[in-house]
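Novice: Structure provided below as structure tokens; questions to follow.
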Amino acid sequence: MPLYEYRCPANGRVVEVRHKMAERLTTWGELCERAGLPSGDCAPHSPIEKLISAGFIGSAPESACDAPGCAAGGCGAGLCGGDF
């Protein structure tokens, strides 16, 4: 399953999540639900932006990463794909 990176302009957070190519996420609430994260203080109906997508061969973590370094290619925690 492809790995997608989304950014929420309302809160500035970046989250990586795996989902099928046919699945479309458009709001912060949908993204948090798919990633298994709490929506926090951001409104669930806030729009999100898809940043990049990448496919992985083999096993990659299903966990979402929202550390600031994710947009730069890795958070250092081994969850973002940039550290493989």
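The values are calculated or read from the model by the stated rules, or taken from the named source; none is laboratory data. Quantities reported herein were computed from a predicted structural model and do not represent experimental measurements. Neighbour counts are summed over all protein chains in view; Cβ atoms, including those assigned to glycine, are modelled from backbone coordinates with ideal geometry.
Novice: Which of (1) at pLDDT 85 or above; (2) assigned to a loop (DSSP other than H, G, I, E, B) does LEU51 not meet, given it meets every other one?
Specialist: (2)
Novice: Right, next: Could you please find all residues in the stretch 6-33 being in contact with a Ser or Thr (Cβ under 7 Å, 6 or more places away or on another chain), surrounded by fewer than 21 Cβ atoms within 10 Å (Cβ to Cβ) and touching a residue at least 24 places away in the same chain (Cβ under 8 Å)?
Specialist: ALA10
Novice: For the stretch 54-63, does any single residue satisfy the condition of being outside any loop (DSSP other than H, G, I, E, B) and modelled with pLDDT under 85?
Specialist: Checked the stretch 54-63: at least one residue is outside any loop (DSSP other than H, G, I, E, B) and modelled with pLDDT under 85.
Novice: Somewhere in the stretch 20-35, is a residue part of a loop (DSSP other than H, G, I, E, B) and modelled with pLDDT of 95 or more?
Specialist: yes
Novice: May I pose another question? Do we find that GLY76 is out of contact with any His (no Cβ under 8 Å at 6 or more places or on another chain), surrounded by 17 or more Cβ atoms within 10 Å (Cβ to Cβ) and at pLDDT below 95 in this structure?
Specialist: Answer is no for this residue.
Novice: Any chance you could count how many residues in the stretch 4-20 are farther than 16 Å from ALA43 by Cα and among the β-branched types (Val, Ile, Thr)?
Specialist: 1
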